[in-house]
Amino acid sequence: MKAAAIVLAAGAGTRMKSKKPKVVHEVLGKPLVRWVVDAAHVAGVERIVSVVGHERAQVEPLVAGDTTIVEQPERRGTADAVAVCRDALADFDGSLVVLSGDCPLITSDTIRRLVEMREQADAAVVVLTMEMDDPFGYGRIVRDDEGQVERIVEQKDATQAEASLTECNSGFYCFDARALFDALGQVDDNNAQGEFYLTDVLAICRAAGRPVLALPASDVAECLGVNSRLQLAEATKFAQRRINRAHLVAGVTMTDPDQVWIGPEVVLEQDVELLPQTFLMGTTRVGEDSLIGPNSRLTDTVVGQGCTVDETVAVEAVLDDGATCGPRAYLRPGAHLCEGAKAGTHVEIKKSTVGKGSKVPHLSYIGDTTIGEDVNIGAGSITCNYDGKHKFATVIGDGAFIGSDTMMVAPVSIGAGSIVGAGSTITKDVAPDALALTRSEQREIAGWAAAKRAKQTAE
């Protein structure tokens, strides 16, 4: 398939009452425009040109690197947005797909079907159409007496009869690139909007004797544009259900799919179980037989096989096979639970490795730390890694036992097999197999409490 694509990411159209252009808003953690660009890549499109304009500084970083960026200096309509790509595609001859950057649900399969239909018929253009119960606001597909596509008329330019038509323009097209750019020179702005409509190209191509075809959308949701917060929520729900359905078919269990949100790049292996209020975003991967949730949010996190992640927030973390986490745990970037390791209730771990079989069961903070194998960290223990300006490392050797309420003031090393008594503040290295204690002497004054109570009663 020899095809290129133009993605209209200029941000024209209805504003979403936001400081951000609409194509920057996200569905399941992914910007709208990236859904469209990535669908084109998966479809096998060789070259992609992104048209930017409105608040381009926010849009450009999202499409830089894998697309050619072209600016539309003025917002003069969709035909003008495509025309500014002429130089970028001057050497291209073949199928040219035009995609809307605010329609995140378009699929790679539909893009391929548009290209295949155009090439098989040697058509000037194929337009993706949709049947709408309420077509208000959409361009209408006008057909001739033989049922062939004649033209597209916009809502504001439609007659009463044309406005009653229910077959609508989706805004997705596949053009013969040469026919498209030849026709663009004939488009004028003599319409109610005073803009240059890309839709006018269809009538121009038809008048030139080239076939103009329509491909009915198999799922109208693919054509859903996002021009408001309400439509953003609707697109998110469609995407959620589409993604969840695919994972369910592939062997993932969800107690309630409507309460599970999975990003488009997430990879789940067979027999993963997801409990309600689970969010898996970014490049998260979860291995076989792992249980995630409830009330868990994992972003760019790797979970191995047979893990349990309960009421946990994890960002850029790694859990090896058999690791357990939560409830109410926080794994920050760089946290690594090795095979069989545990981060328990109200535990926060940052940029640290918890060795094979080691446990941080309760109420602890571990930062910038390397913990060896089979280590036990008592409740309420903290690695004091920050002096207000710099971060320092703590190293805990294999088999060490750290008593509850221990402060380990980095930089410090605690040797393998050593024991640190509860309530200690460790400021110096501890040798292997040693006992380290830092406690003040306990004092007891006999009868003091009874005497105090008696005094208070007398008063």
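Run lengths n ≥ 4 of DSSP H only: what is the helix-derived mean residue ellipticity at 222 nm for the chain, with -39500 (n - 2.57) per run over all residues, to the nearest 500? Write out the running numbers ahead of the final one.
Values: 9 runs with 92 residues, N = 459.
Per the formula, -6000 deg cm²/dmol.
Once you order the gyration tensor axes a ≥ b ≥ c over the Cα atoms, which shape class does segment 363-418 get: rounded for a/c under 1.5, otherwise prolate or oblate by comparing a/b with b/c?
Details: a/c = 2.31, a/b = 1.44, b/c = 1.61.
Oblate, since a/c reaches 1.5 and b/c is not below a/b.
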For a paramagnetic label modelled at 7 Å from the Cα of Asp219 toward its Cβ, which residues of segment 105-139 fall within the zone defined by backbone nitrogen distances under 19 Å?
-> 105-115, 128-133
How far apart, in nm, are two points set 7 Å out from the Cα along the Cα-to-Cβ line at Ala121 and at Thr457?
-> 10.0
Step through the residues of segment 297-307 one at a time and calculate ³J(HN,Hα) from phi using the Karplus curve (6.51 cos²θ - 1.76 cosθ + 1.60, θ = phi - 60°), rounding each to whole Hz and writing x for Gly and Pro.
-> 9, 10, 10, 6, 10, 10, 10, x, 7, x, 8
Shape category assigned to segment 280-347 from the gyration tensor of Cα positions, a/c cut at 1.5 = rounded
Dividing the alpha-carbon radius of gyration of the chain by 2.2 N^0.38 Å (N being the number of residues), what value is obtained?
-> 1.37
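Filter the trypsin sites (Lys or Arg not before Pro) in segment 314-400 down to the DSSP loop ones having no more than 16 other Cβ atoms within 10 Å, then list what survives. Intermediate values should be presented prior to the final figure.
Numbers: sites: Arg328, Lys342, Lys350, Lys351, Lys356, Lys359, Lys389, Lys391; in loops: Arg328, Lys351, Lys356, Lys389.
Filter output for segment 314-400: Arg328, Lys389.
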Part-to-part distance (alpha-carbon centres) for segment 229-244 and segment 274-351, which is given in Å = 25
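Would you mind telling me the share, in percent, of accessible area of segment 8-141 contributed by carbon and sulfur at probe 1.4 angstrom? Can you show the working numbers first?
Values: 2590 of 5430 Å².
The nonpolar share, carbon plus sulfur, comes to 48 percent.
Which value, in Å², gives the accessible area per residue of segment 1-135 when a 1.4 Å probe is used on the protein heavy atoms? It would help to have the intermediate numbers written out before the result.
Details: 5340 Å² over 135 residues.
With all protein chains present, segment 1-135 gives 40 Å² per residue.
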How many percent of the accessible area of segment 329-370 is carbon or sulfur, using a 1.4 Å probe?
-> 52
Mind pulling the per residue volume of the convex hull built on the Cα atoms of segment 51-109? Å³ is fine.
-> 111
Filter the GluC sites (Glu not before Pro) in segment 34-91 to those in DSSP coil with at most 16 other Cβ atoms within 10 Å of their Cβ, and list the result.
-> Glu46, Glu55, Glu74
For segment 48-84 and segment 394-450, what is the separation of their Cα centres, given in Å?
-> 61
Spin-label model distance (nm) - Arg245 vs Lys156, 7 Å beyond Cα toward Cβ | 3.6
What is the set of long-range amide H partners of Ile69 at a cut-off below 5 Å, with H atoms built 1.01 Å from backbone N?
-> Ser50
How large is ³J(HN,Hα) for each residue in segment 147-160, as worked out from phi by the Karplus curve 6.51 cos²θ - 1.76 cosθ + 1.60 (θ = phi - 60°), to whole Hz, x for Gly and Pro?
-> x, 8, 5, 9, 6, 10, 10, 6, 3, 6, 9, 7, 6, 4
Looking at the square roots a ≥ b ≥ c of the eigenvalues of the Cα gyration tensor of segment 140-279, which shape do they give, rounded for a/c under 1.5, prolate if a/b is larger than b/c, or oblate?
-> prolate
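The values are calculated or read from the model by the stated rules, or taken from the named source; none is laboratory data. Note that the structure is predicted; figures quoted are calculated from it, not measured. All Cβ positions, glycine included, derive from the backbone under ideal geometry; neighbour counts span all protein chains shown. Surface accessibility is based on the protein's heavy atoms, side chains included, excluding ligands, DNA and RNA. Shrake-Rupley method; radii C 1.70, N 1.55, O 1.52, S 1.80 Å.
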